[in-house]
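This report refers to the structure that appears directly beneath it.
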Amino acid sequence: METYQEKMAPRFAALLASRAEELRQLLQSHTHAQLDGGDADEADDFKAIADARSLSAVSDAQAAHAARELEEVLAAARRVATREYGTCVKCGVPIPLARLEAAPGTANCTSCQSALEAH
């Protein structure tokens with residue numbers, strides 16, 4: 001199993017910074033859309049109103065997910081800076097490099113993440 005090495009810190013720091021910026025932009029566009037919205041009340045039929053409300057609910061869920069991911073990414077960036085990145089915050093086991101590359105904000109190994117999700 002290939003694991004994170006300290007020499008990879010600059011690459012992961014850049015990856016995390018890039019993802020944080022993407023998430024900030026997504027959240028900002030969601031906020032602007034909410035402020036600019038209001039067209040659903042102007043719709044002329046119930047189907048259009050229901051469609052608009054469904055899209056709004058999906059958008060809200062995506063924004064909530066992005067906010068949670070942004071918190072995870074920022075915490076991961078702090079772990080890179082303090083040289084704690086790459087190990088599970090629950091058990092201390094090295095997190096596989098493939099998992100970090102797929103989800104750079106992850107704080108847990110697959111075993112601990114599975115246990116968290118089971119509860």
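The values are calculated or read from the model by the stated rules, or taken from the named source; none is laboratory data. A quick note: this is a predicted structure, and the numbers were derived from the prediction, not measured. Reconstructed Cβ throughout: ideal geometry from the backbone, glycine too, with neighbour counts over all protein chains shown.
For region 80-102, the criterion of a residue being of a type in the set (Asp, Glu), free of Cβ contacts under 8 Å to residues at least 12 places away in the same chain and part of a loop (DSSP other than H, G, I, E, B) is satisfied by at least one position.
Could you please give the count of residues in region 106-118 that are surrounded by fewer than 14 Cβ atoms within 10 Å (Cβ to Cβ) and not small (Gly, Ala, Ser)?
So the count comes out to 3.
What residue, among those in region 1-60 that are among the β-branched types (Val, Ile, Thr) and modelled with pLDDT under 75, is nearest to Glu84 (Cα to Cα)? Ranking the qualifying residues of region 1-60, first place goes to Val58.
Kindly provide the set of residues from region 68-105 that are among the hydroxyl-bearing types (Ser, Thr, Tyr) and either at pLDDT below 95 or surrounded by fewer than 19 Cβ atoms within 10 Å (Cβ to Cβ) (or both), ordered by number. Within region 68-105, Thr82, Thr87 meet the criteria.
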